[in-house]
Amino acid sequence: MEQVLKKEAIDFTEMPFGSMLSIAYRQIQGILRDPLSEFTLPAPLATVLWVIVEQPGRRQTYYADACKIDLATFGRYLDTLSRRGLVTVEPDAEDGRAKLARPTSEGVALLYRIVEALKRTDKEFIELLGRDQFERMREDLARFLENTKSL
């Protein structure tokens with residue numbers, strides 16, 4: 001006798017939170033991949049550029065902490081951005097061992113183009129979720145990021 005499997009909807013409320021996050025992460029990556037594909041700057045580098053544009057002239061340790069990445073990884077990202085002419089790196093006058101980063105005009109221009117592409121993505125999320133749910137998720141995510149700064 002042949003058994004027919006019914007395709008039933010998954011009850012995500014019963015799924016472990018980490019599993020839910022993993023699935024959501026993959027789905028969000030798929031949505032974000034399209035608007036960022038026109039740029040030759042991967043998302044992690046775009047995030048670093050964003051923080052440098054928002055807070056220019058800070059030390060590497062500040063930026064690494066703000067981006068939640070280790071200092072060695074941040075240093076590699078910063079080197080890449082510098083080689084591409086998107087940021088400048090200069091010694092800190094107060095501590096010659098420390099380096100300060102500033103965006104170049106090319107870096108600022110690229111970031112603004114990326115932001116415009118991501119705003120189009122926001123519209124996709126609003127269409128998918130509705131404005132109220134989108135705003136609640138945005139607030140929850142902002143609170144999550146603020147609460148996990150020290151991790």
note = Of the DSSP H helices in the chain, the ones reaching 15 Å or more along their long axis in Cα terms and averaging at least -0.5 in Kyte-Doolittle hydropathy are 17-36, 43-54, 71-83, 105-129
note = Once both label points are put 7 Å beyond Cα along the C-beta direction, the F17-A98 separation in nm becomes 3.5
remark   = Interchain or sequence-distant (5+) residues whose placed amide H lies within less than 5 Å of the amide H of T88 are R102, T104
key: Lysine pairs with alpha-carbon atoms under 30 Å apart, the chain, spacing 8 or more or separate chains   = 7
request  = Pick out, from G96, L78, L128, the residue whose Cα sits farthest towards the positive end of the charge dipole of the range 77-136, with +1 on the Cβ of Lys and Arg and -1 on the Cβ of Asp and Glu.
outcome  = L128
query = Fewest to most neighbouring Cβ within 10 Å: what's the order for K123, K99?
reply = K123, K99
message = Can you compute the charge dipole magnitude of the range 1-122 about its Cα centre, using +1 on each Lys and Arg Cβ and -1 on each Asp and Glu Cβ, nothing else charged? Give it in debye, rounded to the nearest 20.
response = 280
ask   = Going highest first, how would you order 125-136, 45-56 by mean Cβ packing within 10 Å?
value = 45-56, 125-136
task = Let me know the shape class of the range 41-83, please: from the alpha-carbon gyration tensor, a ≥ b ≥ c as square roots of the eigenvalues, rounded when a/c is under 1.5, otherwise prolate if a/b is greater than b/c, or oblate.
result = rounded
key: Mean Cβ count within 10 Å, highest first, over the residues of peptides 141-148, 87-94, 71-78   = 71-78, 87-94, 141-148
Gain upon complete extension [L141, E38; 0.36 nm per residue less C-alpha separation] = 34.5 nm
ask   = Out of every Cα pair in the range 51-151, what percent are spaced more than 15 Å from each other?
value = 70
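Readers should treat all values here as calculations from the given coordinates under stated rules, not as data from a laboratory. Every value quoted in this text rests on a predicted model; they were computed, and no experiment measured them. All Cβ positions, even for glycine, are placed from backbone atoms using ideal geometry, and neighbour counts span all protein chains on display.
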